[in-house]
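Peer 1: Pasting in a structure now, in structure tokens, and then I'll have a few things to ask.
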Amino acid sequence: MADPKLMSFFEHLGDLRKKIVVSLIALSVIFVVAFNYSEYILQFIMFPLRYSLDFSVRDMYMHFIPQDKLHNTKLVFLGPAEGFWMNMKVAFVASLILSLPVIFQQFWSFIAPGLHSKEKKYVVPFVSVATGLFLVGASFCFFIVLPFAMGFLLTYKIGDFMMPMLSVGQYVDFCLKFILAFGAVFELPIIIVFLTRMGFVTPKTLAKNRKYAVLIAFIVAAALTPTPDIFNQTLMAVPMIILYEVGIFLSRIFLIRQKAE
């Protein structure tokens, strides 16, 4: 077997193809299982529409309560195949999330030849943290952001003369885009640490350009959110700014440990 550090460009492409194939196989196998439960997944996705988060900082409690105006809302489909394709879509996204450990492991094995010997052993922490951050971001979106967004967008100034009638395609697309976007955004600390490891940025540079990061956060939020309103963009931009600060903190710790070694 050739030394990974001496592999040619085409050999690297061949290795990348193998990693992609393994990831696709894992995705396909999990998709077959997830599709059998797509109806239950679709029902679960109705949660942000029917419930909202009620909390009090003073009384220290947090629980979900039914949305009075939306709890009995049912989704409709406007085309013969729309219901079927929505089952396919939710099954695919569920299988993508469940196969993330395999995908991240394959990504790590692809970049591992360029790492130091001490860094190669961090495959388990990397896969665990990367998967965990995505799940935290997706959960934050599903249980906090989406119920809040639904409650605001579908009940604000509708009075008694308007009633929301949502197609399953529009609702599912709205939710899944938000969930995937938040999951990806929550990977920001890992991306910052990786860029620090490669020498592209330093914690000092990141802190110095904090104001530009805030601007970029809102631009990225505007591009990723499925609606053009500032309300939903803010719901994504604020966590991005917080994660940016977390990334700076972690990159400082990484550099301190690197110098100690």
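The values are calculated or read from the model by the stated rules, or taken from the named source; none is laboratory data. It should be emphasised that the depicted structure is a prediction, and the values quoted were computed from it without experimental measurement. Counting neighbours? That spans all protein chains shown, and the Cβs are built from the backbone with ideal geometry, glycine included.
Peer 1: State which residue pairs qualify: first residue farther than 14 Å from VAL102 by Cβ and inside the range 15-44, second residue β-branched (Val, Ile, Thr) and outside any helix (DSSP H, G or I) in any location, beta carbons under 6 Å apart, and separation of 6 or more residues or different chains.
Peer 2: Pairs found: none.
Peer 1: Please verify whether the range 209-216 includes one or more residues that are free of Cβ contacts under 8 Å to residues at least 12 places away in the same chain, within 20 Å of the chain's Cα centre (by Cα) and in a helix (DSSP H, G or I).
Peer 2: Yes: one or more hits.
Peer 1: Also: Filter the range 117-128 down to the residues that are in a helix (DSSP H, G or I) and within 16 Å of PHE254 (Cβ to Cβ), then identify the one that is modelled with the lowest pLDDT.
Peer 2: The selected residue is GLU119.
Peer 1: Have a look at VAL29, VAL57 and point out the one that is over 21 Å from the mean Cα position of the chain (by Cα) and modelled with pLDDT of 90 or more.
Peer 2: VAL29
Peer 1: Among the residues of the range 149-204, which ones are outside any loop (DSSP other than H, G, I, E, B) and among the small types (Gly, Ala, Ser)?
Peer 2: Selection gives ALA149, GLY151, SER167, GLY169, ALA181, GLY183, ALA184.
Peer 1: A follow-up question, please. Out of everything in the range 70-116 that is touching a Leu at 6+ places or on another chain (Cβ under 8 Å), of a type in the set (S, T, N, Q) and at pLDDT 85 or above, what residue ends up being nearest to MET150 (Cα to Cα)?
Peer 2: This residue is ASN87.
Peer 1: Follow-up. Going by the structure shown, is PRO147 surrounded by fewer than 20 Cβ atoms within 10 Å (Cβ to Cβ) and more than 19 Å from MET240 (Cβ to Cβ)?
Peer 2: no
Peer 1: Is it true that some residue in the range 150-163 is among the small types (Gly, Ala, Ser), more than 19 Å from the chain's Cα centre (by Cα), within 29 Å of PHE104 (Cα to Cα) and surrounded by fewer than 17 Cβ atoms within 10 Å (Cβ to Cβ)?
Peer 2: Checking the range 150-163: not a single residue is among the small types (Gly, Ala, Ser), more than 19 Å from the chain's Cα centre (by Cα), within 29 Å of PHE104 (Cα to Cα) and surrounded by fewer than 17 Cβ atoms within 10 Å (Cβ to Cβ).
Peer 1: A further question follows. Does ILE256 fit the bill of being modelled with pLDDT of 90 or more and part of a helix (DSSP H, G or I)?
Peer 2: no
Peer 1: Here is a follow-up. Looking at LYS204 and the list (1) modelled with pLDDT of 85 or more; (2) surrounded by 15 or more Cβ atoms within 10 Å (Cβ to Cβ); (3) among the basic types (Lys, Arg), which single condition is not satisfied?
Peer 2: Result: LYS204 fails condition (2) only.
Peer 1: Tell me yes or no: at least one residue of the range 168-184 is free of Cβ contacts under 8 Å to residues at least 40 places away in the same chain, within 29 Å of LEU98 (Cα to Cα), crowded, with 19+ Cβ neighbours inside 10 Å and of a type in the set (S, T, N, Q).
Peer 2: no
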